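Written below as structure tokens is the structure these notes are about.
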Amino acid sequence: MNKYLRINHDSEIPKYKQVVNIIISDIESGIFKKGQRVPSINETSEDLLLSRDTVEKAYVFLKKKGILSSVRGKGYYVNQVSVFKKLKVALILNKLSNYKRSIYYSLIETLGTKASVDVFIYNYDLSQFEDIINDQISSYDYFIILPHFKSDNQQAINIIKKIQKEKVLLIDRNMESLKEYPVVYQEYEKDIQSALGNGIDLIRKYKKINLVFPSNQYYSRYIVRGFQIFCQVNDLPFSIIEEFSDNNVKKDEAFVLVSDEDLYQFIKVCKSNFWKLGHDVGVVAYNDNSVKEILEDGITTISTNHDEMGRIAAEMIVSKNFYRIKSPFTFIKRNSL
């Protein structure tokens, strides 16, 4: 039994399925050969510190799939060596960030031993993106692409269309010209309106609300449009700040910060002025993570569920059931607003 693939008791994957994945991995790696006896239910139960019923459920599942056979009084034997071909997945990111890591880890956890995932980063650069596609187009079964580019969407679309359509899954951004492609997407303009709407009573405590939206970085301009509509509909004084500076931070105002770098600088300014978040100034950060949950006694966030994005993408690949779905977007109230 593979000692490196242990049971993850915190995983959403049922324990019996984790046992299934371990045995399949051992068969594929040649640890167990065709006709060879595998460890008994009791042996596997003791080895993995699981109940006998859990392990028996895994063995029965493997037998139904034809992977194992059983001989009364003797145990279970490998019936099929070529269980399945491990899929190769290319995850193509515009950049590294905390939420991209969340997508990646959720993706590989859900895929388990069914696929291997390689990561490529194109840094918003179309030429780098095209080089990746040209070099890898015949090497992978699926391409999961986060399509964020600084310019020339049509060229990006043409590059994506080089790949066999059945191999492409888009994540995070819905490209209007690729409506026939499966996608797990955010709806930036509407998302920010609905999320901030859930915190409208807290926002009204402040004289003004500001969106800090760095013009020198790539973020969807639909965030700005959605923010403007939200403020206009709710009759809120507002401003758009394209380059954060210490002088931007004013007492009795609220701030929506898209960039984590701006968030950390914002907190430094508040500390230097002895201002308390949620009292003297308000702050809402984009994209939730575990750090924001504990930072400064909790930073209020508006965020999609990036773990869920990765999980849905993986399940589409495993089930070969591809579709288009909007990722939920939520307002997470903490003490900073």
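The values are calculated or read from the model by the stated rules, or taken from the named source; none is laboratory data. What you see is a predicted model, and the numbers here were worked out from it, not measured in a lab. With ideal geometry, Cβ positions are generated from the backbone for all residues, glycine too; neighbour counts draw on all protein chains shown.
One table, with the values for the structure above:
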{"item": "Exclusive hit being assigned by TED's automatic domain parsing to the domain that holds residue 287, surrounded by fewer than 16 Cβ atoms within 10 Å (Cβ to Cβ) and either among the hydroxyl-bearing types (Ser, Thr, Tyr) or in contact with a Gly (Cβ under 7 Å, 6 or more places away or on another chain) (or both), set 124, 219", "result": "219"}
{"item": "Any chance residue 176 is over 22 Å from residue 334 (Cβ atoms) and either touching a residue at least 24 places away in the same chain (Cβ under 8 Å) or touching a strand residue (DSSP E or B) at 6+ places or on another chain (Cβ under 7 Å) (or both)", "result": "no"}
{"item": "Those strands (runs of 3 or more DSSP E) lying entirely in the range 231-330 with at least 3 residues surrounded by fewer than 19 Cβ atoms within 10 Å (Cβ to Cβ)", "result": "238-241, 324-326"}
{"item": "Boolean, residue 75 is among the small types (Gly, Ala, Ser) and surrounded by 15 or more Cβ atoms within 10 Å (Cβ to Cβ)", "result": "yes"}
{"item": "Residue among 51, 29 that alone is under 33 Å from the mean Cα position of the chain (by Cα) and more than 27 Å from residue 115 (Cβ to Cβ)", "result": "51"}
{"item": "Strands (runs of 3 or more DSSP E) contained entirely in the range 130-225, each with at least 3 residues that are within 30 Å of residue 86 (Cβ to Cβ)", "result": "142-145, 168-173, 183-186"}
{"item": "Count - residues of the range 309-337 that are over 30 Å from residue 201 (Cβ atoms), of a type in the set (A, V, I, L, M, F, W, C) and over 13 Å from the mean Cα position of the chain (by Cα)", "result": "5"}
{"item": "Qualifying residue in the range 43-65 (condition: touching a strand residue (DSSP E or B) at 6+ places or on another chain (Cβ under 8 Å), part of a loop (DSSP other than H, G, I, E, B) and farther than 28 Å from residue 312 by Cα)", "result": "no"}
{"item": "Options 74, 88, 100: the member that is more than 30 Å from residue 145 (Cβ to Cβ) and either under 11 Å from the mean Cα position of the chain (by Cα) or of a type in the set (Lys, Arg) (or both)", "result": "74"}
